[in-house]
1. Working carefully through the options GLY255, GLY266, GLY237, find the one that is at pLDDT below 95, more than 15 Å from the ligand (Cβ to nearest atom) and among the small types (Gly, Ala, Ser).
2. Quick one: is GLU325 away from the ligand (no atom under 16 Å from the Cβ), free of Cβ contacts under 8 Å to residues at least 12 places away in the same chain and more than 18 Å from LEU17 (Cα to Cα)?
3. Please work out which residue is surrounded by the fewest Cβ atoms within 10 Å (Cβ to Cβ), limiting yourself to the range 34-52 and to residues that are of a type in the set (A, V, I, L, M, F, W, C) and within 9 Å of the ligand (Cβ to nearest atom).
4. Could you list, in sequence order, the residues of the range 270-316 that are under 12 Å from the mean Cα position of the chain (by Cα), within 8 Å of the ligand (Cβ to nearest atom) and either in the same structural domain as ALA383 (by TED's automatic domain parsing) or closer than 28 Å to ARG128 by Cβ (or both)?
5. Condition first: more than 21 Å from HIS23 (Cα to Cα) and touching a residue at least 40 places away in the same chain (Cβ under 8 Å). Now tell me which residues in the range 107-136 satisfy that.
6. I need a count of the residues in the range 346-393 that are outside any helix (DSSP H, G or I) and within 23 Å of the chain's Cα centre (by Cα).
7. Mind checking whether some residue in the range 141-155 is assigned to a loop (DSSP other than H, G, I, E, B), of a type in the set (D, E, K, R) and either under 19 Å from LEU287 (Cβ atoms) or under 21 Å from the mean Cα position of the chain (by Cα) (or both)?
8. Going through the range 1-28 one residue at a time, which ones are near the ligand (Cβ under 7 Å from one of its atoms) and β-branched (Val, Ile, Thr)?
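The values are calculated or read from the model by the stated rules, or taken from the named source; none is laboratory data. It should be emphasised that the depicted structure is a prediction, and the values quoted were computed from it without experimental measurement. Here the Cβ is made from the backbone with ideal geometry for all residues, glycine too, and neighbour counts use every protein chain on show.
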Amino acid sequence: MLIAGCGPAGAELARLLARRGVHVLVVEALPDLARAAFSSAALPLAALERLEIPAAVVAHRWSGWRLLGPGEADRHWQASDDRPLGAVLDFTALRRWLAGQAQGFGAQIALGWRALAVQQPAATGLIRTRLRGPGGEEHWLTSRWVVDATGQQRGLLGDPPADGADPLVSGLGAEWLLELPLERWQPWSDQLTFLLGSDWMPQGYGWVFPMQPGQLKLGVCRLQDDAAGTGASPQAGRRQAPLGPWLEATLARTGLAGARVLDRHGGLIRSTVRRREAHQRGRLIGLGDAVSTANLLGGEGIRHAMASARVLAPLLLEALEDEPERLAAYPRRLRRELGWRWSLSGRLARRTWLGLEGPQADRRLEGLLAGLARQHSAEDLSALLFDYRFERYGLRALPYLLGWRR
Ligand SMILES: Cc1cc2nc3c(=O)[nH]c(=O)nc-3n(C[C@H](O)[C@H](O)[C@H](O)COP(=O)(O)OP(=O)(O)OC[C@H]3O[C@@H](n4cnc5c(N)ncnc54)[C@H](O)[C@@H]3O)c2cc1C
């Protein structure tokens with residue numbers, strides 16, 4: 001079994017399969033899992049428990065939400081008794097821990113190796129993968145199955161058709177890891193802070209997340225609809241606009257200017273909203289972000305990527321027992337795992353973020369947030385943003401949230 005990509009999805013699958021005695025090789029393009037730690041890695045508490053993520057990987061726990069904006073609005077929700085609602089992980093530590101677990105069960109992990117392409121010779125029951133090593137050397141590797149866990153790059157499966165009814169929606173994110181004195185860290189340390197409104201970030205949002213004492217993550221993300229970006233639409237021009245100036249402005253406006261920048265990273269989230277793309281091409285199967293398990297509403301995908309591995313692992317074990325037809329159930333089971341609210345959350349993300357530009361959009365967002373602040377607790381906000389329980393907001397509001405009515 002060959003797995004391309006040692007992110008949360010690939011490493012979790014390697015761990016689950018190796019534990020059951022499968023011979024697993026993971027190839028990972030990064031030469032070191034500490035490089036390109038692009039993810040902010042905020043998770044709800046329930047996910048930590050369900051995925052058995054150890055405390056050593058947790059950078060900080062948080063127990064509230066703070067929403068700054070639109071304009072000067074500042075709203076805060078705190079969990080009852082300051083109970084933790086979630087955590088921010090150290091993404092490098094998570095990847096290393098998962099990889100170490102997989103290796104402990106016998107999986108091999110080859111760093112610095114990139115999977116380039118696959119060939120599926122007819123009637124052999126095998127698949128060949130072209131790999132490029134750290135020194136530029138190339139090899140073909142033959143296996144029974146290959147899993148594309150290369151994240152949003154979809155290195156082997158490729159993108160779903162651009163002209164499809166369910167195009168990819170991208171979010172470009174950039175984040176700085178800041179170091180600052182404890183007294184400046186403290187006010188940000190117990191909550192996830194989101195910066196909302198088109199003067200903070202048009203067509204997106206910003207955030208400040210707590211890491212270990214004295215460290216914060218400050219980031220911005222802007223969404224774009226790839227279908228809109230392919231033509232000569234106004235969005236196409238914005239595609240290249242750098243996020244650096246927005247980060248600088250966010251640093252100044254949050255009062256965090258002067259903090260030492262320890263690391264700068266960023267990346268893309270790219271998912272379809274309805275997730276109808278092919279999950280399998282012969283003996284090649286997609287996993288995690290490669291099959292759109294990153295959620296566009298909160299830019300969140302670690303737990304969903306790991307959950308996709310948990311859905312795929314038992315089916316792959318059956319396929320390895322010469323029951324390849326069992327894999328046909330994979331897309332359906334993954335959809336069930338992600339829940340019926342999933343595509344609603346994607347539609348809401350498109351409507352909220354892509355439409356967030358100008359005073360009218362800010363006013364609409366302001367109205368939604370004022371409603372939230374009046375009636376809802378920190379736990380409700382977590383249910384909304386992590387479980388996508390929009391009905392708690394009031395079913396009558398749903399058509400407005402989704403743009404069916406204005
Ligand atoms: C700026 C930003 C902030 C985010 N914040 C959060 C957050 O707060 N919470 C959260 O849950 N999620 C967050 N996410 C999303 C989350 O990080 C991803 O959904 C998650 O990492 C997906 O896991 P994955 O294993 O599917 O893919 P990835 O984590 O992308 O892993 C894919 C791996 O494959 C490797 N690779 C790529 N191409 C090849 C190739 N051809 N051959 C071999 N290896 C290859 C890559 O180097 C990478 O290590 C964020 C994403 C971004 C961009």
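1. Of GLY255, GLY266, GLY237, the one residue that is at pLDDT below 95, more than 15 Å from the ligand (Cβ to nearest atom) and among the small types (Gly, Ala, Ser) is GLY237.
2. On the way: away from the ligand (no atom under 16 Å from the Cβ): yes; free of Cβ contacts under 8 Å to residues at least 12 places away in the same chain: yes; more than 18 Å from LEU17 (Cα to Cα): yes.
Against the criterion (away from the ligand (no atom under 16 Å from the Cβ), free of Cβ contacts under 8 Å to residues at least 12 places away in the same chain and more than 18 Å from LEU17 (Cα to Cα)), GLU325 qualifies.
3. Initially, the range 34-52 is screened for residues of a type in the set (A, V, I, L, M, F, W, C), giving 34, 36-38, 41-43, 45-48, 51.
Imposing the further condition that a residue be within 9 Å of the ligand (Cβ to nearest atom) reduces the set to 36, 38, 41-43, 47.
Values: ALA36: 15, PHE38: 17, ALA41: 24, ALA42: 23, LEU43: 21, ALA47: 18.
My answer is ALA36.
4. GLY288, ASP289, ALA290, THR293, ALA305
5. PRO134
6. Start the filter on the range 346-393 by keeping residues that are outside any helix (DSSP H, G or I), which leaves 355-358, 376-377, 387-389.
Checking which are within 23 Å of the chain's Cα centre (by Cα) leaves us with 355-356, 387-389.
Counting residues in the range 346-393 that are outside any helix (DSSP H, G or I) and within 23 Å of the chain's Cα centre (by Cα) gives 5.
7. The initial filter retains those residues of the range 141-155 that are assigned to a loop (DSSP other than H, G, I, E, B), namely 144-145, 149-150, 154-155.
Filter once more, so that each one left must be of a type in the set (D, E, K, R): 144, 154.
The next check asks that each one be either under 19 Å from LEU287 (Cβ atoms) or under 21 Å from the mean Cα position of the chain (by Cα) (or both); those that pass are 144, 154.
Checking the range 141-155: at least one residue is assigned to a loop (DSSP other than H, G, I, E, B), of a type in the set (D, E, K, R) and either under 19 Å from LEU287 (Cβ atoms) or under 21 Å from the mean Cα position of the chain (by Cα) (or both).
8. Applying the first criterion (near the ligand (Cβ under 7 Å from one of its atoms)) to the range 1-28 yields 4-10, 27-28.
Scanning the range 1-28 gives a single hit, VAL27.
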